[in-house]
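Everything below concerns the one structure shown next.
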Amino acid sequence: MRTRAVRHGRKWGKAVVIGGGYAGLVTARVLADHFSEVVVLEQDPLDEHRGTHPHVPQGYHAHAMLAKGAEVLEKFFPGLRTEMQEIGAPVFDYGEHISFLLPAGFAPRHRTGVKIQTFTRDELERRLRDKVLALPEVTFLPSTRCDGLKMSGPGKVNRVLYRTEGAEQLTELEADLVVNTSGRASALDNWLSEMGLSVPEKRLVKAKITYTSVNIARSEKSRPEFNIAYQMTFAPHVPRGGVVLAVERNRWMCSLFGFEEHVPPTENGAYLDFAKSLKNPRLAEQIEGRTGQEPTHRYTNVNNQWRLYHKMKEWPDRLIALGDAVCVFNPVYGQGLTVAAMEADLLHRKLTEHRTLGAGLDGMSRGFQRAVARIVLTPWTLSSNSDLMWNPDHQPVTARFAHWYNKHLFAVSVRDARVWSRFVRVANMVAPPTVLFHPTVVAKVMSQALSRRNRSAPSNGTGDRRVEDPHPPQDRDLQR
């Protein structure tokens, strides 16, 4: 099933997508509605059994598809959620089936109305690729490296230079539109410079967090009431965290993470000991059955990075960039997959608008990059502000205020399910951050902050006492 057909304007000729990972696949699906031919250039050799790309190190770690991202995927891949559910990827309410340890205690176990699904990135990408390759418009070229771009006349990209594995010479591929989705290692800055264009310096915020992850079989004897167990890190007193996700084919995906010297080990016993050091006991309980034979993966390059293409006055026509090729987030916040899906959906809306009006592709690209920046701004602010707080020497006033507000917001949330429900909707990008600054919420946060002056608030990062989850699941609808 395709998205609703565009009523006016014939399809354009050829679009080229640089990068065949998650963002490239969703983008290719969008482009197939608007172009007669879509060519995807992917540097890795891939087969039907592999979803995770060797050049995507984060692919082996826990991922979260936020509610907004799932909504977009279902729009372009109808039935995907049900298909994944049939192989054991659970769909559940974010509030009812999560053991979520905040800095001030466990989050309420109440219904929020926000449905999410957990699965591995490997399974997701493999299924998306199968669906995209089944489209008659799409041609997929694996083991193919893009080496540059060329322009026809001033300010218009119309050719891609690539080399297949083993080939001695470059091949030129003409295109009506080029979309770069080649990820955090994208060479687009160099290509733009080679064409004589000035590229703004990118923003970089170091996260200094290391992830160690493993897939573990779920025991048939132990079926807990939750599908996610999570302990978040929080500067400066909670340097360790982790997450266990119930995923397809009766498995747990476990990622443990720590700041600076708190590096989660790979050895079986030490890995479990790290999990036991957390204040949420649910993680260690679920991985105690690990055999030690499961592959373990470590990931350290988690810096936030934003390429400011929206500020380029000379951004060329017929060129688009999205996904990690524009902005990379610390994966602890689970934003990357959803942001890329939203950007692909934005591209669909822009192309639909131009075709409906009978307009060409010229004049669209620069406005698109500005719109991408508006999508990126909120998740970037959340991710970068939190990570800045680990650095005592560089804490902007805005980051300090956000951290202060979040600290007291979490303290309110552990005893106020309605406030927690608001946070869940914002975190899943189905509501704007302004809902957390509603007068009733601000009043509760300020009251919490004032009362804390004369008492010591409990924290999961201080003391040796393990925090127990006092919140049994409830069946109350707290969407309002």
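Bear in mind that the values in this text are calculations on the coordinates, not laboratory data. Nothing here was measured: the structure is a model prediction, and the numbers come from that model. We place every Cβ from the backbone using ideal geometry, glycine too, and count neighbours over all the protein chains shown.
Figures for the structure shown
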{"item": "Semi-axis lengths, Å, the chain, gyration tensor of Cα atoms, sqrt of 5 times eigenvalues", "result": "39, 25, 22"}
{"item": "Cross-link pairs LYS208/LYS407; LYS208/LYS444; LYS11/LYS313 - those with Cα-Cα distance over 26 Å", "result": "LYS208/LYS444; LYS11/LYS313"}
{"item": "Nearest-20 debye value, the stretch 259-315 charge dipole, Cβ charges on Lys, Arg, Asp, Glu", "result": "400 debye"}
{"item": "Peptide ranges 193-199, 419-425 listed from the most packed, as the mean C-beta count within 10 angstrom indicates", "result": "419-425, 193-199"}
{"item": "Dipole magnitude of the chain about its Cα centre (Cβ charges: Lys, Arg +1; Asp, Glu -1), debye to nearest 20", "result": "1780 debye"}
{"item": "Order by protection proxy (mean Cβ within 10 Å, highest first), peptides 207-215, 333-341, 376-384", "result": "333-341, 207-215, 376-384"}
{"item": "Whole-Å distance, taken between Cα centres, linking the stretch 374-407 and the stretch 112-187", "result": "33 Å"}
{"item": "Principal-axis tilt of helix 417-427 within the chain, Cα atoms, nearest 10 degrees", "result": "20 degrees"}
{"item": "Positive-end residue, the chain charge dipole about Cα centroid, Cβ charges, pick of THR52, MET65, ALA28", "result": "MET65"}
{"item": "Pair LEU204, GLU267: separation of 7 Å Cα→Cβ label points (nm)", "result": "3.4 nm"}
{"item": "Rounded if a/c under 1.5, otherwise prolate or oblate - the stretch 318-363, Cα gyration tensor axes", "result": "oblate"}
{"item": "Ordering of 273-284, 363-374 by packing [mean C-beta count within 10 Å, highest first]", "result": "273-284, 363-374"}
{"item": "FRET efficiency, ALA359 to LEU197 (Cβ-Cβ, R0 25 Å, nearest 0.05)", "result": "0.55"}
{"item": "Degrees, to the nearest 10: 397-413 long Cα axis against longest axis of the chain", "result": "50 degrees"}
{"item": "Net charge of Cβ neighbours under 12 Å - reference HIS394; Lys, Arg +1; Asp, Glu -1", "result": "0"}
{"item": "Dipole of the chain, positive direction: furthest Cα of MET312, VAL114, HIS262, with charges on the beta-carbon", "result": "VAL114"}
{"item": "Global form of the stretch 279-318, assessed from the alpha-carbon gyration tensor, a/c cut-off 1.5", "result": "prolate"}
{"item": "Global form of the stretch 59-199, assessed from the alpha-carbon gyration tensor, a/c cut-off 1.5", "result": "prolate"}
{"item": "Residue-count net charge about LEU149 - beta-carbon cut-off 13 Å; Lys, Arg +1, Asp, Glu -1", "result": "-2"}
{"item": "Karplus 3J(HN,Hα) series, Hz, for the stretch 143-149 with 6.51 cos²θ - 1.76 cosθ + 1.60 (x for Gly, Pro)", "result": "6, 10, 10, 7, 10, x, 10"}
{"item": "Among the listed pairs LYS131/LYS350; LYS75/LYS202; LYS14/LYS131; LYS68/LYS131; LYS75/LYS206, those beyond 27 Å (Cα-Cα)", "result": "LYS75/LYS202; LYS75/LYS206"}
{"item": "Check: the stretch 288-420 dipole with +1 on Lys, Arg Cβ and -1 on Asp, Glu Cβ, in debye", "result": "320 debye"}
{"item": "Around GLY269: net Lys/Arg minus Asp/Glu count, Cβ-Cβ under 12 Å", "result": "-1"}
{"item": "Anchor LYS279: aspartates and glutamates whose Cα lies under 13 Å away (excluding residues fewer than 8 positions away in-chain)", "result": "ASP464, GLU468, ASP469"}
{"item": "The chain, helix-only ellipticity at 222 nm - DSSP H runs n ≥ 4, -39,500 (n - 2.57), divided by all residues, nearest 500", "result": "-9500 deg cm²/dmol"}
{"item": "Backbone HN-Hα couplings from phi across the stretch 278-294 [Karplus 6.51/-1.76/1.60, Hz, Gly and Pro as x]", "result": "6, 7, 9, x, 5, 5, 4, 4, 7, 9, 4, x, 4, 7, x, 8, 5"}
{"item": "Leading residue at positive end of dipole, the chain (Cβ point charges), from PRO154, PHE226, PRO103", "result": "PRO103"}
